[in-house]
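Since every read-out is calculated from the coordinates, none of them should be taken as a lab result. As the structure is a computational prediction, the values presented were derived from the model and not from experiment. Using ideal geometry, Cβ is built from the backbone for each residue, glycine included, and neighbour counts are taken over all protein chains shown.
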Amino acid sequence: MAMTTARADEIITELPEVVDPGQVAPKDARELSRLFFRQLAVLEEGTPEYQYARNTLIEMNMSLVRFAAGRFRSRGPEEMEDIVQVGMIGLIKAIDRFELSRWVDVTSF
């Protein structure tokens, strides 16, 4: 994972490559999420770098959706799929609306 070191007020020119975002440890995911959200704030929407940062954030946080949907496991497999889909839409909207300046974790947003 190649990462450029920078202070919080500097723009990071290179995002780290995350091979399997679903396998990132929670501690690392928090640090990476802050880095990726910082980049989303300065990147132009629609660029490949913006899409990479956004998609990586979505993939790193998909386990939150599965965890929350797990509470509804008793409703059956068909409804479970619907619950996960709605949760994914909510995750995507949360990532698009997230403001790093609030100092709130994505898990509580």
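Listing for the model above:
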| read-out | value |
| --- | --- |
| Global geometry of region 25-101, whether rounded, prolate or oblate, following the gyration tensor of its Cα atoms and the 1.5 cut on a/c | prolate |
| Among 16-23, 80-87, 31-38, the order from most to least packed when residues are scored by Cβ within 10 Å on average | 31-38, 80-87, 16-23 |
| Rough spin-label spacing in nm, given labels placed 7 Å along Cα→Cβ, for residue 66 and residue 94 | 1.6 nm |
